Amino acid sequence: MTSPNSSNVPLLKVENLGKSFGGVKAVDGISFELHAGELLALIGPNGAGKSTTFNMVNGQLKADQGSILFDGHELVGQKPRAIWRKGVGRTFQIAETFASLTVAENVQMALLSHDGKLFSMWRRAAEHKREEALALLDQVGMKSQADRPCSVLAYGDVKRVELAIAMANSPKLLLMDEPTAGMAPKERNSLMALTKDLVIQRGLAVLFTEHSMDVVFAYADRMIVLARGRLIAQGKPLEIRDHPKVQEVYFGSGKTFEKKAEAVGEAA
Ligand code: ADP
Ligand code: MG
């Protein structure tokens, strides 16, 4: 890979990161690294602190302690938009109001937004960025549906469009909090395979949460495991599977790793 971050310097370096809500330490001094071209899964039971971690990285929550170094910049204390501009993207659900727009128009909006154009200019700028939008849609396998309204798409296809939208500002790091929630197993695999392609082709770094252990084991390069705000294990999927602390968290009720994880997923 020719990315400047393909060296041993991590793209993201999180150190001693923490956040409390009242008396609850939602994230309790966690440290981890993420390199360009790496798909890192963040797993753990409900309430473990996964979303809180995501929201500190994207700037929606301010950390109480610690450091988030991204591409040479300290992100703690920066506003979400400034962080986004530095190349930290995240997937969003397509808002109700935009569902009536076509697939291509939704991606064009995202491209214009990256250029700093106002949404009020949108109607006049409708032809702008169409080619760029179509190129992005091609990458996620949605070019043939470019002129359909988002409201009529199958659920898995909406998720592909959301991925194209997230890629519109060419992020170096993409955050995906439960990207496959509510999807059938086949759709989950398809979305993650697509994400993996982006990781390989663009040297994108991805941090994602996922309840299906099948998906995590199939696609993650590495995983980190949170429990009650603490990072209890990290490593390659097969190392994690046999890790005693992880087994304690997931085997607690006597279920198998997979069944327990599925149950957590259904409860979410
Ligand atoms: P996960 O995403 O792993 O399920 P969260 O990060 O959402 O976990 O939550 C971690 C802990 O922090 C939980 O105990 C949760 O109740 C608490 N928490 C999360 N967000 C808030 C908030 N905005 N206000 C109060 N408590 C919160
Ligand atoms: Mg969460």
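Derivation of every value follows stated rules applied to the coordinates shown; laboratory data play no part. Everything numeric in this text was worked out from a predicted model, so none of it was measured. Quick reminder, even Gly has a Cβ in these numbers, built from the backbone with ideal geometry, and neighbours come from all protein chains shown.
Data overview
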item	result
Cut-off under 5 Å, modelled amide H: who pairs with Arg230 long-range	Asp28
Straight-distance crosslink candidates among aspartates and glutamates, where the alpha carbon sits under 16 Å from Lys196 and sequence neighbours closer than 8 are dropped	Glu38, Asp138, Glu162, Asp177, Glu178, Glu187, Glu210, Asp214, Asp221
Extension gain (nm, one decimal) between Asp138 and Lys245, 0.36 nm per residue minus Cα-Cα	34.3 nm
Listed pairs Lys19/Lys186; Lys50/Lys129; Lys79/Lys159 exceeding 32 Å between Cα atoms	Lys19/Lys186; Lys50/Lys129
Choice from Asn189, Asn16, Asn106 with maximal GNM fluctuation in the chain (Cα, 10 Å cutoff)	Asn16
For Arg90, distant residues with modelled amide H under 5 Å away	Leu175
Among Leu42, Ile83, Thr53 the positive-end extreme of the charge dipole of the stretch 42-92 (Cβ point charges)	Ile83
Beta bridges by DSSP in the chain, antiparallel share as percent, to the nearest 5	60 percent
Mean-position separation - Cα centroids, the stretch 133-148 and the stretch 3-65, in angstrom	32 Å
The chain, dipole about Cα centre (Lys/Arg Cβ +1, Asp/Glu Cβ -1), debye to the nearest 20	440 debye
Within a Gaussian network of the chain (alpha carbon springs, distance under 10 Å), most fluctuating of Asp221, Asp157, Asp242	Asp242
HN-Hα J in Hz across the stretch 147-152 - Karplus 6.51, -1.76, 1.60, θ = phi - 60°, x for Gly and Pro	9, 8, x, 4, 4, 9
